[in-house]
Amino acid sequence: MDVGLNSGQLALRDTVRDVLRTECPPGIARQAMTDPERWRTVWKTVVDLGWTELARPDVGDFGRLDLAVVAEECGAALAPIPLLSSVGLAAGALRAAGAATNDVLREIGDGVVAALAVHPPGARLPGVPMTLQQGRLRGRAVAVAELCHAELVVTLATGDDGVVVAVARTGDGVAVTPVDCINAAQPVADVEIDTTPVMTAPVDLESALATPLMAAAADLVGVAGAALARSVDHAKSRRQFGKPIGAFQGVKHALADNYVSLERARSLTYAAAARLDDPGTTPAAGWTAAALAKAAAGEAAVSCTRTAIQVHGAIAQTWEHDIHLYLRHAWQTAATLGDSRALYHAVGRRFAGDAP
Amino acid sequence: MTHTDVVAEFTGWLTDFLPNDYVQRYQQYRWDPVLRRDYQRAAFEAGWLQPTWPREHGGRELGLRAAMEIRLEAALRSAPKLPNIAGPNVAAPAIRQFGTPEQIDRLLVPLLRGDEWWALGMSEPEAGSDFAALRTRAERDSPDSEVFRVNGRKIWTTQAHLSRWCMLYARTDPAAPKHRGISCLVLDLHSPGVQIEPIRMASVSDETFCEVLLDDVEVPVSNLLGPYNGGWHVALASLHHERQMIWIMNWVEIQRGLESVRYACNAKPGTPPAREGACLHTDTPDSTVQLRTLAHERGDVFADLGSLLADAEALRATGYRALHNELANRPSPEADILKLLGSVTLQRVWELSAAAAGPGSIGDPHLLFERQDALAATIYGGTSEIQRNIIGERLLGLPKG
């Protein structure tokens, strides 16, 4: 087992970070909250730089750890773009079905926006919301991030011979209902589908969900790390009672606990990526590793952003301050693809031998 | 030879060493002093005790990665715990790093073979987390005197009553700032003026605390370990070694705790446990076992269990990340979460085990031991509060209070 970034991945991380620092400061996310077209210029830059090609396992030698690196930096920058949705979630589910999905992955690699619809209404965990009968894809899914910006909907369906991954084009037979959501910079919608899919391929359910879970974890690790960095900066400069507030153990220890939570999640995310790139990993082991990473990253992102609000005090309650943007991003992504408790419960139940 | 080969060789050796019924009767063997002494000696002779060290010091000059794989494998197999952990894991690395050739020659092999045990003379009644506030004095009657005269009092000195030597920290320059006036001395606990009083423990434990009273004890100047007035540095370096081991020891115990929760969730009325080592609830009456099998009472356990599985996997993955960075000559700040996370996880896993056992937890002496033992983990080797200060100040760069 090896866990960690190689020098190429560290260079990729630094490049992505540098580009986003210039192209996408946190203020862009605030603008995107109210300007529904704001994401497009950032997205064009990202597509032109070729980051969306990470969707294609048949091109280059990028693995899931490279995907995690880019997703983490986009999360840290609160980039209001569908990179996680397209490249992490939709393409992540598709690649589990093998070469049959290469044409769709090529489109996503070229920058066509895709969304992943895997939340059956009323369920906390992701699953199979659709059916496929006589070539017709039907069903409803909720909480689909970036669906409003997507040309492709990727979903899971129960067919005659088991689970398939299916792709539909938005338009006729794909009814999109936008949700007035926590983080309007990455808008969420519900979907009702009754259409002929452009592609279907048999897939293992756990494998189809594993890469999306890992990618969402990476995004949340990015948010957690960025929020903690903001808290630390503030705790060093803000003075009360004659010293920086970070000198008080009440603040210092809360931030140290955030650091533990962050690195716990980052280790699990890198380990899950390494496991998923190892062809010897069973679908169950891959799903478990990714589910634990997502659960840990959701916790880390929510606790780091909540602490950030506490440390910043009253100013954190204002629209103009950035911290609520981190909180919104954390809460929204933490609630999709399984909240932390539901994922922990599922993994614990399996470990205890209680079949779901 | 690949890592896999060397781990396989170790596994084969361990299987040959352990009694055939080791797994079935782990609960007895884990306390067996003879087995544990023999294990240390055999591991020393076979080169598995400190795998990165040279052959004469109980190793086989393996790389860090192979050494970690071997330690984790030993953990997974519940290999016997060393009877005097302070010796091989804290004193030995310090002797190798700071010792004179004469000290290494005299002290190291008897320590590693387990023939001579070691105690750590750090804490004092008025110096716990604030270790540098220690008051035990080591003075020379004249600058060219061949001996230090030591006076003071050490406490919580684990296994001092069974040890031959003590890594004793004493103040050698009262005028210097408190971190810079401390030296580390190798104290022969058989010296005149040393009085050792074992302290009764709240739990059943073979790691008994002692109080060590030092009344005009003479320690040869040649027993100085490391630089004169450089004891603070020796202490930090030896605790650094200890910290690298502590998370693996915590991880082993966490694995057993997780297994005990799994067992508690699955126990059927009247079914004896399949494996004592994995399950600590061996003496539980059937009525309690029946309680545990009710599905609706297990539901709340699963989420905590999943969270603990994440903690355990995060410990291992973080250990590997730190190693990855070390091997690439990069900083490995993530290693500083291991002590804090490992100790808290250990406590949580045994509390969950107790919850899953219901009132059966009351009458289970093994579980009582595990719960009490886990509570020490956030205190020894640097308390959790000190760990948080280290993370806050050294990693995050927050100002000192």
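The values are calculated or read from the model by the stated rules, or taken from the named source; none is laboratory data. Predicted model only: the values in this text are computed from it and were never measured. When we count neighbours, we look across all protein chains shown, and the Cβ atoms used for this are built from the backbone with ideal geometry, even at glycine. Heads up: the accessible areas ignore ligands, DNA and RNA and are worked out on the full protein's heavy atoms, side chains in. Shrake-Rupley method; radii C 1.70, N 1.55, O 1.52, S 1.80 Å.
For the range A:268-291, check the following and say yes or no: at least one residue is more than 10 Å from chain B (Cβ to nearest Cβ), surrounded by 24 or more Cβ atoms within 10 Å (Cβ to Cβ) and touching a Pro at 6+ places or on another chain (Cβ under 9 Å). There is at least one residue in the range A:268-291 that is more than 10 Å from chain B (Cβ to nearest Cβ), surrounded by 24 or more Cβ atoms within 10 Å (Cβ to Cβ) and touching a Pro at 6+ places or on another chain (Cβ under 9 Å).
On the stretch given as the range B:308-322, residues that are more than 7 Å from chain A (Cβ to nearest Cβ) and open to solvent by 10 Å² or more (accessible area, probe 1.4 Å) total 1.
Inside the range A:6-18, residues that are surrounded by 14 or more Cβ atoms within 10 Å (Cβ to Cβ) and of a type in the set (G, A, S) make up a count of 0. Looking across the range A:75-93, the residues that are in contact with a Leu (Cβ under 6 Å, 6 or more places away or on another chain), open to solvent by less than 10 Å² (accessible area, probe 1.4 Å) and assigned to a helix (DSSP H, G or I) come down to A:V87, A:A90, A:A91, A:A93. Filtering the range A:173-223 to residues that are closer than 23 Å to A:R40 by Cβ and among the β-branched types (V, I, T) leaves A:V174, A:V176, A:T177, A:V179, A:I182, A:V188, A:V191, A:V223. Annotation: of all residues in the range A:314-326 being in a helix (DSSP H, G or I) and in contact (Cβ under 8 Å) with a residue 40 or more places away in the chain, the one that is farthest from the other protein chains (Cβ to nearest Cβ) is A:L325. Residues in the range B:379-401 that are more than 13 Å from every other protein chain (Cβ to nearest Cβ) and either of a type in the set (S, T, Y) or in contact with a strand residue (DSSP E or B) (Cβ under 6 Å, 6 or more places away or on another chain) (or both): B:Y380 alone.
Somewhere in the range A:19-31, is a residue within 14 Å of chain B (Cβ to nearest Cβ), over 18 Å from the mean Cα position of the chain (by Cα) and either at pLDDT 95 or above or surrounded by fewer than 24 Cβ atoms within 10 Å (Cβ to Cβ) (or both)? Checking the range A:19-31: not a single residue is within 14 Å of chain B (Cβ to nearest Cβ), over 18 Å from the mean Cα position of the chain (by Cα) and either at pLDDT 95 or above or surrounded by fewer than 24 Cβ atoms within 10 Å (Cβ to Cβ) (or both). Annotation note: Cβ proximity below 9 Å between a residue of the range A:219-246 that is more than 10 Å from chain B (Cβ to nearest Cβ) and a residue that is among the basic types (K, R) and crowded, with 24+ Cβ neighbours inside 10 Å (sequence gap 6+ or interchain) occurs for A:L220/A:K294; A:V221/A:R266; A:A224/A:R266; A:G225/A:R266.
Residues considered: B:S260, B:S222, B:S238. Of these, the only one that is under 27 Å from B:K81 (Cα atoms) and modelled with pLDDT of 90 or more is B:S260.
A count restricted to the range A:171-186 and to residues that are closer than 30 Å to A:N102 by Cβ and out of contact with any strand residue (DSSP E or B) (no Cβ under 6 Å at 6 or more places or on another chain) stands at 2. Say whether the condition of being open to solvent by less than 30 Å² (accessible area, probe 1.4 Å), farther than 30 Å from B:E370 by Cβ and either without any contact (Cβ under 8 Å) to a residue 24 or more places away in the chain or out of contact with any Pro (no Cβ under 6 Å at 6 or more places or on another chain) (or both) is met by at least one residue in the range B:200-218. Yes, the range B:200-218 contains at least one residue that is open to solvent by less than 30 Å² (accessible area, probe 1.4 Å), farther than 30 Å from B:E370 by Cβ and either without any contact (Cβ under 8 Å) to a residue 24 or more places away in the chain or out of contact with any Pro (no Cβ under 6 Å at 6 or more places or on another chain) (or both).
Take the range A:101-145 and flag every residue that is charged (D, E, K, R) and either farther than 17 Å from A:L343 by Cβ or open to solvent by less than 50 Å² (accessible area, probe 1.4 Å) (or both). Of everything in the range A:101-145, those that are charged (D, E, K, R) and either farther than 17 Å from A:L343 by Cβ or open to solvent by less than 50 Å² (accessible area, probe 1.4 Å) (or both) turn out to be A:D103, A:R106, A:E107, A:D110, A:R136, A:R138, A:R140.
Checking A:G98, A:G159, A:G171 one by one, the residue that is open to solvent by 10 Å² or more (accessible area, probe 1.4 Å) and without any contact (Cβ under 8 Å) to a residue 24 or more places away in the chain is A:G171 and no other. If A:T211 meets every condition in (1) in contact (Cβ under 8 Å) with a residue 12 or more places away in the chain; (2) polar (S, T, N, Q); (3) open to solvent by 10 Å² or more (accessible area, probe 1.4 Å) apart from one, which number is that one? Here A:T211 meets the rest and fails (3). The residues in the range B:156-189 that are of a type in the set (A, V, I, L, M, F, W, C), in a loop (DSSP other than H, G, I, E, B) and open to solvent by 20 Å² or more (accessible area, probe 1.4 Å) can be counted, and the count is 3. Among the residues of the range A:131-150, the ones that are of a type outside the set (V, I, T) and over 29 Å from A:R328 (Cα atoms) come to 7 in all. The single residue among B:L76, B:L112, B:L108, B:L120 that is in contact with a Pro (Cβ under 7 Å, 6 or more places away or on another chain) and not hydroxyl-bearing (S, T, Y) turns out to be B:L112.
Only residues that are in contact (Cβ under 8 Å) with a residue 60 or more places away in the chain and open to solvent by less than 20 Å² (accessible area, probe 1.4 Å): list them for the range A:47-64, please.
Listed by number, the list holds a single entry, A:G63.
On the given criteria, is B:L346 more than 10 Å from chain A (Cβ to nearest Cβ) and assigned to a helix (DSSP H, G or I)? Criteria met by B:L346.
Here's the yes/no breakdown for (1) crowded, with 18+ Cβ neighbours inside 10 Å; (2) assigned to a helix (DSSP H, G or I); (3) free of Cβ contacts under 8 Å to residues at least 60 places away in the same chain:
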position	(1), (2), (3)
B:L72	yes, yes, no
B:S78	yes, no, no
B:A92	yes, yes, yes
B:P110	no, yes, yes
B:A138	yes, no, no
B:V150	yes, no, no
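If you scan the range B:116-158, which residues turn out to be touching a strand residue (DSSP E or B) at 6+ places or on another chain (Cβ under 6 Å) and polar (S, T, N, Q)? Correct list: B:T136, B:N151, B:T157. Would you pick out the residues in the range B:332-363 that are among the β-branched types (V, I, T), under 22 Å from B:I390 (Cβ atoms) and open to solvent by 10 Å² or more (accessible area, probe 1.4 Å)? Scanning the range B:332-363 gives a single hit, B:V344.
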